[in-house]
């Protein structure tokens, strides 16, 4: 039982960290390649990760994992992926909205401005990024997570727990240096 809990906590933290890193890479890619604004650390922490992406990934996983296994059909067409996509958009948009308020409360501002997009709310959320998060979430849930799960099962409980412990200490120290100093 103890090993099962340890594995679940470690696995969830490592998935959080993986998607946080992928989110940072995505944001930097947008800045450097797409918008050509140049490199900037897109996060509130010093390291190459955006915890809001990890939070979104865990929320998507916890809320939608069981739904993904179902076959909801209209006539003969399986619409489950479409429902999952809408669920991802709703979850990630809500998390982004809450994150903007938390950042404004703790830092005095938030790091993005969607006023240039149609269908935005206070520049905090907008339809365009929500659709992109929906697409990214589909990739994460249907492709990345299954490979991640196979990798964790392959390396085993002990190695997974050790990696999670080391990386959580690194992230905790980063958090302290980013906010306390």
Listed by first then second residue, the pairs whose first member lies in the range 152-170 and is within 13 Å of residue 3 (Cβ to Cβ), whose partner is surrounded by fewer than 16 Cβ atoms within 10 Å (Cβ to Cβ), with beta carbons under 7 Å and at least 6 positions apart or on separate chains, are 157/3
Evaluate the range 148-170: report whether one residue or more is under 30 Å from residue 114 (Cβ atoms) and either modelled with pLDDT of 95 or more or surrounded by fewer than 13 Cβ atoms within 10 Å (Cβ to Cβ) (or both). yes
Neighbours by Cβ (under 9 Å, 6+ apart or cross-chain): first from the range 66-92, over 17 Å from residue 143 (Cβ atoms); second assigned to a strand (DSSP E or B): 71/78; 72/78; 79/73
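Each row is one residue, and each column tells you yes or no for (1) modelled with pLDDT of 90 or more; (2) surrounded by 15 or more Cβ atoms within 10 Å (Cβ to Cβ); (3) within 30 Å of residue 149 (Cβ to Cβ).
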position	(1), (2), (3)
66	yes, no, yes
79	yes, no, yes
88	yes, yes, yes
92	yes, yes, yes
96	yes, yes, yes
104	no, no, no
110	no, yes, no
121	yes, no, no
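The values are calculated or read from the model by the stated rules, or taken from the named source; none is laboratory data. Computed from a predicted model, the values in this text were never measured in an experiment. Please note: Cβ atoms are built from the backbone with ideal geometry, for glycine as well, and neighbour counts cover all protein chains shown.
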